[in-house]
1. Select from 356, 321, 188 the residue farthest towards the positive end of the dipole of the chain; place +1 on Cβ of Lys and Arg, -1 on Cβ of Asp and Glu, and compute about the Cα centre.
2. Considering only 369, 43, 220, whose Cα is most displaced toward the positive end of the charge dipole of the chain, charges sitting on Cβ of Lys, Arg (+1) and Asp, Glu (-1)?
3. Please give the solvent-accessible surface of residue 259 in Å², to the nearest 10, using a probe radius of 1.4 Å with every protein chain present.
4. For the chain, what does the accessible surface come to per residue with a 1.4 Å probe? Please give it in Å².
5. To the nearest 20 debye, what charge dipole does region 101-157 have about its Cα centre, counting +1 at the Cβ of each Lys and Arg and -1 at the Cβ of each Asp and Glu?
6. Between the alpha-carbon centers of region 329-368 and region 37-114, tell me the distance in whole angstrom.
7. From the backbone phi of region 65-70, what are the Karplus-calculated ³J(HN,Hα) couplings (6.51 cos²θ - 1.76 cosθ + 1.60, θ = phi - 60°) in whole Hz, Gly and Pro given as x?
8. Which is the longest part of the chain that has none of the trypsin sites (Lys or Arg not before Pro) sitting in a DSSP loop with at most 11 other Cβ atoms within 10 Å?
Amino acid sequence: MWTGWWLWPLVVVCTADQFRDNALRLMQSTPVIDGHNDLPWQLLNKFNNQLQDPRANLTSLNGTHTNIPKLKAGFVGAQFWSAYTPCDTQNKDSVKRTLEQIDVIQRMCQLYPETFLCVTDSAGIRQAFREGKVASLVGVEGGHSIDSSLGVLRALYHLGMRYLTLTHSCNTPWADNWLVDTGKDEAQSQGLSSFGQSVVKEMNRLGVIIDLAHVSVATMEAALQLSKAPVVFSHSSAYSLCHHRRNVPDHVLQLVKQTGSLVMVNFYNDYVSCKAEANLSQVADHLDYIKKVAGAEAVGFGGDYDGVSSLPSGLEDVSKYPDLVAELLRRQWTEAEVRGALAENLLRVFEAVEQASDHTQPPGEEPIPLSQLEASCRTKYGYSGAPSLHLQPRAVLVSLVTLLLSLYLL
């Protein structure tokens, strides 16, 4: 009975190799689409976005989770690069900072055309897959980046933005962030204000994916109910497995299922294990759980690489995706389910957003009320009540007669 005991370690090793071999085979034809990577923020912090600095060479970049060799080893076929600017830029230079981060993403494509292909639609992602390049898309992380302006929202769309995270870790004048659910911030909009609803509708009209990572539960619910297209959580995990308010609770996962939306699982230890340490298996637990509650079509990857301070053992950088895929295969995910999580679920959502868009419809024009904006650093053009700017001819005549009469009486 025990004569072959020494063979068991070999069987285990061979089986592990088989799962990884199958993962590599799948990823050659269906590479991963990752929902959120903060490499552009690292390029700003380390090099002030000077890509021609020899230290910023993406083929040999050190001290980051992401560089070109790691992307290739990880079979990353498409990446939403985060155009992120912190909350302390709100009501200051958030739009300028956002433009600079979009610019650095576009310059990555220009400087490394053999690796990156900047695209703006689902067809572009498929083209990059065929060419063996990393489809590079712009995700703007935080509604403060539009400075409460539908005009800025449209301008960022024309510059390539294809998702907008409605908030970062701060309220905007029109949407509440996740810190509201912790009690650290007060709710201002009870989810979405009237203008926030206009933002969601304009994103639907344009074909911009609505991203609900970082928002409050009330904002999640409001956006999921209002949007005419599926939404994404570009880098969030399951609240039931880790009680962190950045994660998605079960009743919202049910709304995700009902709307055909997508949760792209975050790898940050604090959101995976709610502890300082985590491991690859625990990330797979989140993927399993979301699949169980919301369906296999609702699962994706949103690693948050280069935007977090700690990562699970086994997922230390972007080269490690094949090991996570091997773990899913080990857990008896079907090949179709794995291909969905890798890319097809995001492509389905993106295509649905594109189909729901309608550029023949007139754009939203009603501005946010001036009273909802902080005025310390703002001009008021367009909001001014100065009579000389707004009086119609009849009103001008009445004012002139009144003035002449008052002079006569003097």
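1. 356
2. Farthest along the dipole direction, towards plus: 369.
3. 50 Å²
4. Numbers: 18570 Å² over 410 residues.
Normalised by residue count, the accessible surface of the chain is 45 Å².
5. 180 debye
6. Each part's Cα centre sits 24 Å from the other's.
7. Per residue, the Karplus-derived 3J(HN,Hα) values read 7, 10, 8, 5, x, 5 Hz.
8. Details: sites that count: 184, 275, 380.
Answer - 1-183.
The values are calculated or read from the model by the stated rules, or taken from the named source; none is laboratory data. Keep in mind that what you see is a predicted model, and the values were worked out from it rather than measured. Note that each Cβ is placed from the backbone with ideal geometry, even for glycine, and that neighbours are counted across all protein chains shown. Please note that ligands, DNA and RNA were not included when accessible areas were found on the heavy atoms of the full protein model with its side chains. Shrake-Rupley method; radii C 1.70, N 1.55, O 1.52, S 1.80 Å.
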